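Read-outs throughout are calculated quantities, based only on the coordinates presented, and are distinct from any laboratory measurement. Computed from a predicted structure; not experimentally measured.
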Amino acid sequence: MEAHRYNVHKNLNIYWSVFDEVTGQKAVINGFVMDMLTAEEAKELVRALNCEVDQEFLLAA
């Protein structure tokens, strides 16, 4: 199974963050830290970000 660049991490409360596994930090999109998301929001964002990374890789090949 292929490792993905972005993953969800649970915060200490009910919210989730999207982490960039390459940088080891929370993902930042358009200047906004991807933090304090619901589980559904975080999972959907991770899916979309990883799909975008995969497409960029395929185009570069």
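Computed on the stretch 6-57, with alpha-carbon pairs under 8 angstrom and 6+ residues apart, the relative contact order is 33 percent.
I need the shape label for the stretch 6-57. Rule: rounded when a/c is under 1.5, else prolate if a/b > b/c, else oblate, with a, b, c from the alpha carbon gyration tensor. Verdict is prolate for the stretch 6-57.
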